[in-house]
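For reference, the structure discussed in these notes is given below.
The values are calculated or read from the model by the stated rules, or taken from the named source; none is laboratory data. In this text, all values refer to a predicted model and were calculated from it rather than measured experimentally. FYI the Cβ positions are ideal-geometry reconstructions off the backbone, even for glycines, and counts take in every protein chain you see. Heads up: the accessible areas ignore ligands, DNA and RNA and are worked out on the full protein's heavy atoms, side chains in. Shrake-Rupley method; radii C 1.70, N 1.55, O 1.52, S 1.80 Å.
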Amino acid sequence: MKFIKNFLIRLLIIGTPLLVLYGYSQAVFEANRKKEHPTDAGLGIAYLLFIILALMITGLITDLIIRIRNKQYAAAASDLPFIILFLIPVLYILYQMKS
């Protein structure tokens with residue numbers, strides 16, 4: 001039960017900025033479609049996604065280290081799925097920025 005509670009709390013904390021970014025991106029893409037000369041709005045959204053996910057991974061790794069030190073293994077285990085899930089897009093965007 002404790003694992004599920006920790007997982008849901010982290011899901012809420014992580015989901016909120018991602019939902020805000022989704023809403024912002026939909027508004028930007030809609031405004032971009034109405035322009036006579038559309039710009040590359042997707043690149044800015046990708047940078048924002050990279051920054052948000054990188055900050056979340058940093059926070060989750062810090063929380064993971066603190067939880068393991070305090071021997072709260074159930075709470076530490078709830079960080080691992082999010083870290084693994086966010087590493088894929090962060091590494092992909094980082095690779096695209098470097099090449």
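Of note:
- Residue count for region 27-84, restricted to those that are farther than 28 Å from Gln96 by Cβ, open to solvent by less than 80 Å² (accessible area, probe 1.4 Å) and part of a helix (DSSP H, G or I): 5
- The set of residues in region 1-26 being in contact with a helix residue (DSSP H, G or I) (Cβ under 8 Å, 6 or more places away or on another chain), open to solvent by less than 40 Å² (accessible area, probe 1.4 Å) and closer than 30 Å to Ala75 by Cα consists of Asn6, Arg10, Ile14, Leu21.
- The residue pairs whose first member lies in region 68-81 and is of a type in the set (D, E, K, R), whose second member is in a helix (DSSP H, G or I) and exposed (fewer than 15 other Cβ atoms within 10 Å of the Cβ), and whose beta carbons are closer than 9 Å, counting only pairs six or more residues apart or on different chains, are Asp79/Ile61.
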